[in-house]
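Here is the structure we will look at, set down as structure tokens.
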Number of protein chains: 2
Amino acid sequence: MFTDDYFMNIAFQQAQIAYEKDEVPVGCVIVHNNRIIAKAHNLTEQLNDVTAHAEMQAITAAANLLGGKYLIDCSLYVTLEPCVMCGGALTWAQLSRLVIAAEDAQRGFLHKGLALHPKTQIITGIMAEESALLLKNFFKSKR
Amino acid sequence: MFTDDYFMNIAFQQAQIAYEKDEVPVGCVIVHNNRIIAKAHNLTEQLNDVTAHAEMQAITAAANLLGGKYLIDCSLYVTLEPCVMCGGALTWAQLSRLVIAAEDAQRGFLHKGLALHPKTQIITGIMAEESALLLKNFFKSKR
């Protein structure tokens, strides 16, 4: 039951909530021992805050719940490749495992040639098409 | 009166407050029309949160005060070259002017070859020695 598809689907639901709020539709969840300890979606417009990406909110919430700032034995599922800001935050957090849906060729930290913490395993391509399509539809509706 | 040295000195005072709290001593202020609209120091230990760098807190506070997420006509003074996470956040914020004290050859976004928003002017070296010495003393006390 607790597969990467299962958890990415919950991250995707978060992205759909963002879409309904007229936010760039990106969602994520953080999982620790098969338990979801944080879920979040992008809220930069509603909060008027460029730092309110889904990942940043989830990192803060998960660390708060764990009582420590390092995301050891945690997996973060996110529907879009993290940007430089979020990649930097995940590096500081020493995340164990990052699962990415869609690529971000323009602003993704991997596409900028940045590495995460050496401990972090990176998996890409889970639910990539649905996640990319949701973003594409969002930006199309803005034109 | 409102020189770069004047504002960096206030950022440095924030770094000193961090030092006294046993936090990595980095401080910053954001200035808009010669008025300080945010000041902050690193609080990653106290808040158990890797995202609680001085710059991140100041960006959120300044945007809240300005009522918009872009830091147009704002200068951010910081005692240490921002990391990748903070550099990414400043890029999203379209900051007008970044004034840096000490360099961070290991983790600084400039040293990682990253650029900020094309609109952002970057000035380095203001109060660099004092700021670097405060950090050096902090890490020496930890050994």
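The values are calculated or read from the model by the stated rules, or taken from the named source; none is laboratory data. On a predicted model such as this, the values are computed, not experimentally measured, just so you know. With ideal geometry, Cβ positions are generated from the backbone for all residues, glycine too; neighbour counts draw on all protein chains shown.
Scanning segment B:99-110 for residues that are in contact (Cβ under 8 Å) with a residue 12 or more places away in the chain and outside any strand (DSSP E or B) returns B:Glu103, B:Asp104, B:Arg107, B:Phe109, B:Leu110. The residue that is farthest from A:Cys74 (Cα to Cα), among those in segment A:96-113 that are surrounded by 19 or more Cβ atoms within 10 Å (Cβ to Cβ) and out of contact with any Cys (no Cβ under 9 Å at 6 or more places or on another chain), is A:Ala102.
Any residue at all in segment A:119-135 that's surrounded by 18 or more Cβ atoms within 10 Å (Cβ to Cβ) and closer than 21 Å to B:Leu110 by Cβ? There is no residue in segment A:119-135 that is surrounded by 18 or more Cβ atoms within 10 Å (Cβ to Cβ) and closer than 21 Å to B:Leu110 by Cβ. Can you confirm whether B:Ala11 is small (Gly, Ala, Ser), out of contact with any Lys or Arg (no Cβ under 8 Å at 6 or more places or on another chain) and either modelled with pLDDT of 95 or more or not in a helix (DSSP H, G or I) (or both)? Answer is no for this residue.
Residues in segment A:111-135 that are without any contact (Cβ under 8 Å) to a residue 60 or more places away in the chain and either among the hydrophobic types (A, V, I, L, M, F, W, C) or under 24 Å from B:His117 (Cα atoms) (or both): 10 in all. The sole residue among A:Gln13, A:Gln46, A:Gln57 that is surrounded by fewer than 16 Cβ atoms within 10 Å (Cβ to Cβ) and under 14 Å from the mean Cα position of the chain (by Cα) is A:Gln13.
Total residues in segment A:33-58 satisfying the condition of being aliphatic (A, V, I, L, M), within 12 Å of chain B (Cβ to nearest Cβ) and within 18 Å of A:Ala102 (Cβ to Cβ): the figure is 1.
Within segment A:111-143, being of a type outside the set (Gly, Ala, Ser) and within 13 Å of chain B (Cβ to nearest Cβ) holds for A:His111, A:Lys112, A:Leu114, A:Leu116, A:His117. When each of A:Gly113, A:Gly67 is tested for being farther than 20 Å from B:Met85 by Cβ and more than 12 Å from the chain's Cα centre (by Cα), the lone residue that passes is A:Gly67.
Tell me, please, whether a residue that is closer than 22 Å to B:Leu90 by Cβ, modelled with pLDDT of 95 or more and of a type in the set (A, V, I, L, M, F, W, C) can be found in segment A:116-139. Within segment A:116-139, one or more residues are closer than 22 Å to B:Leu90 by Cβ, modelled with pLDDT of 95 or more and of a type in the set (A, V, I, L, M, F, W, C). Based on what the data block shows, is A:Phe7 among the aromatic types (Phe, Trp, Tyr) and either under 19 Å from B:Val50 (Cβ atoms) or touching a Gly at 6+ places or on another chain (Cβ under 8 Å) (or both)? No. B:Thr51 falls short on exactly one of the conditions (1) in a strand (DSSP E or B); (2) crowded, with 24+ Cβ neighbours inside 10 Å, and that condition is (1).
Screening B:Thr44, B:Thr51 for residues that are polar (S, T, N, Q) and farther than 23 Å from A:Lys112 by Cβ leaves exactly one candidate, B:Thr44. Filtered by the rule that a residue be assigned to a loop (DSSP other than H, G, I, E, B), within 20 Å of A:Met56 (Cα to Cα) and more than 7 Å from every other protein chain (Cβ to nearest Cβ), segment B:59-98 gives B:Tyr70, B:Leu71, B:Pro82, B:Gln94, B:Leu95. Only one of the listed residues (B:Leu71, B:Leu66) is in contact (Cβ under 8 Å) with a residue 24 or more places away in the chain and surrounded by 24 or more Cβ atoms within 10 Å (Cβ to Cβ). That residue is B:Leu71.
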